[in-house]
Amino acid sequence: MTTREWMDALEARFGRIEGELGQVAAGDRERLRGEIVGLFRETETAIEELTAFKERIRGLVERYKQLPAPAPAAPAQALVSDHIGSSTYIERGWSAIASGDAKRAVKELERALELAPNDPHAESLLGWAQMLREQYDDALMTYYKVMMRDPDNPLARVNLGYICLKKGIFGEAIEHLSRAIRQQTDRKAQLYAHFYMGLVYLDREMFEDARGFFHQALELGPNMLESWWEIGRTYYLEGNNEAAAQAWSRGHQTNRFNLWGERCGKALAQLNAGQPVSFQN
């Protein structure tokens, strides 16, 4: 999403709210109030983030000026990479990420990179595993290495978006995730870009927008049960327990042995027992 597209979207929301204010039904007052507050907060946050981001760019300029002259290229045969052997560890690393074992994933992917240094797929997955372990600075360095060689790497871009989300840099998160959504070469990156974009809007309490992205993630990956968990969470936070129960039931029934299917089941049990639902991992 370009800056112009983002501004156009804000203008469209402003115009719609402005039009509705001309004829407000009694039942719409609170909804409109919430939308106005949300629009104001989003704009205020964007201004703060862009100001901070501009200062970060100044830092990049200074760091660039301090770069040493490039070293001579190494002989072509100086390093022999075992890509066949590394592929086994890459598969193990991806399997560990998918099962929620980020610690094991880091170990497997570091071994893959010992066998095939600078392998872009292994580095992208390593950054992902570091990110899931909340090692955000390590993950950022890993992804910057990837994107120096491949600026359009979809998996690196989608996870940079997630890291920006966790650091509260929403504007930059949306930019990275939007680009990952638009690309057509990596379906896995598209899936997670939609999911993480849902988290961006959930974090900003824009629940309906968040659900739209979670449902799109499910269209790309029907077994991504974490989306059902988050859909249920949006409804619960809105006070719609019936819709939350339906979402969590769907996630639990799809695969009750999956980590997120199990969490959906626990949330559903708490809801049915009249207890507050815990969102702690």
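The values are calculated or read from the model by the stated rules, or taken from the named source; none is laboratory data. Predicted model only: the values in this text are computed from it and were never measured. Don't worry about glycine lacking a Cβ; one is built from the backbone with ideal geometry, like all the others, and counts go over all protein chains shown.
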### Query
Where in the stretch 166-267 are there helices (runs of 4 or more DSSP H), lying fully within it, with 3 or more residues that are over 24 Å from Ile97 (Cα atoms) and hydrophobic (A, V, I, L, M, F, W, C)?
241-254
### Message
So the check is Cβ under 9 Å with 6+ separation or different chains; which pairs have a first residue in the stretch 209-228 that's closer than 16 Å to Glu262 by Cα and a second one that's surrounded by fewer than 22 Cβ atoms within 10 Å (Cβ to Cβ) and among the aromatic types (Phe, Trp, Tyr)?
### Response
Met224/Trp260; Leu225/Trp260; Glu226/Trp260; Ser227/Trp260; Trp228/Trp260
### Message
For Tyr64, only one of the following conditions fails: (1) modelled with pLDDT under 85; (2) exposed (fewer than 14 other Cβ atoms within 10 Å of the Cβ); (3) farther than 19 Å from Met141 by Cβ. What is its number?
### Response
(3)
### Message
If I ask for residues that are among the acidic types (Asp, Glu), within 17 Å of Phe207 (Cα to Cα) and free of Cβ contacts under 8 Å to residues at least 40 places away in the same chain, which ones from the stretch 34-52 would you list?
### Response
Glu35
### Task
Show the residue pairs that are 6+ apart or on different chains and have beta-carbon atoms under 8 Å apart, the first residue being within the stretch 148-163 and in a helix (DSSP H, G or I), the second being among the basic types (Lys, Arg).
Leu155/Lys188; Arg157/Arg179
## Note on the structure
Picked from the stretch 115-169 (must be among the aromatic types (Phe, Trp, Tyr) and buried (at least 18 other Cβ atoms within 10 Å of the Cβ)), the residue farthest from Ser86 (Cα to Cα) is Tyr162
### Query
Which number in (1) of a type outside the set (Val, Ile, Thr); (2) without any contact (Cβ under 8 Å) to a residue 60 or more places away in the chain; (3) surrounded by fewer than 22 Cβ atoms within 10 Å (Cβ to Cβ) marks the one condition that Glu175 misses?
(2)
### Query
From Glu205, Glu238, which residue is closer than 24 Å to Gly161 by Cα, among the acidic types (Asp, Glu) and either out of contact with any Leu (no Cβ under 9 Å at 6 or more places or on another chain) or surrounded by fewer than 22 Cβ atoms within 10 Å (Cβ to Cβ) (or both)?
Glu205
### Message
I need a count of the residues in the stretch 134-156 that are of a type in the set (Lys, Arg) and either touching a His at 6+ places or on another chain (Cβ under 6 Å) or within 22 Å of Gln184 (Cα to Cα) (or both).
### Response
1
